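Notes for the one structure printed next.
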Amino acid sequence: MSAAQPRHVGVFGGAFDPPHRIHVALAQAAIEQLGLDLLHVVPTGTAWHKQRTLSAAEHRLAMCQLAFAGIDKVRVDPRELQRDGPTYTIDTLLALEQIYPQAQFYLVIGEDQAQAMHNWHRIAEIRRAAIICVAIRAVPAGASGQYGDLLQILPDCRILQMPVSAVSATEIRHKAALGHSVTPLVFEPVARYIDQHHLYQKA
């Protein structure tokens, strides 16, 4: 493997509809706490598990590029948006293995995703392909008893410590639909993009 090839590669997927400040904080925490050389931020394409229709792919990709622009080790990856049919994490991991054949992969997810992970497509293959890393908000170091249920579901997962926050994409979409400012919840370039393209506004 050449010196330029990353040895520790993270994969952080999600709808990012829109990407908000906690998404960015999670990316930074993953890079620092896992010692990542590179983190692929992957907006989901056709999400089989989402009951609502996501915003258009080009908008979510553009907002991700704006939100994560300040993090050197992040690469916003459009591959799932370009894929036909349902989007599956295992397909993304296998594709990245072809690019970084000697790298260790880390799949970065939130606690809500971890709780539902038993329903994921080809979960056994995902667990072989990557170390699963779960972001837990405001759990003191060493206090594993507070997330004992999670460790029963994913006993070999890594825990990422995150600060307390109530920010959610659902709240942001609701505020935007009402015409309220979302700048405190997303970075200014993303808020400006939402406003310019009239995203989340009621028809």
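Only the coordinates and a few stated rules stand behind these numbers; no lab work does. In this text, all values refer to a predicted model and were calculated from it rather than measured experimentally. Using ideal geometry, Cβ is built from the backbone for each residue, glycine included, and neighbour counts are taken over all protein chains shown.
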Summing -39500 (n - 2.57) over the DSSP H runs of n ≥ 4 in the chain and dividing by its residue number, what mean residue ellipticity at 222 nm do you reach, to the nearest 500 deg cm²/dmol? -10000 deg cm²/dmol
The rounded separation in angstrom of the Cα centers of the range 82-128 and the range 7-40 is 14
Mind pulling the angle between the C-alpha long axis of helix 57-67 and the longest principal axis of the chain? Nearest 10 degrees, somewhere in 0 to 90. 80
Glu58 versus Gln152, label points 7 Å from Cα toward the beta carbon: distance in nm? 4.9
Please check which bits of the range 100-134 a label hung off Gln33 would reach, taking the label as a point 7 Å along Cα-to-C-beta and the cut-off as backbone N under 19 Å. 105-117, 130-134
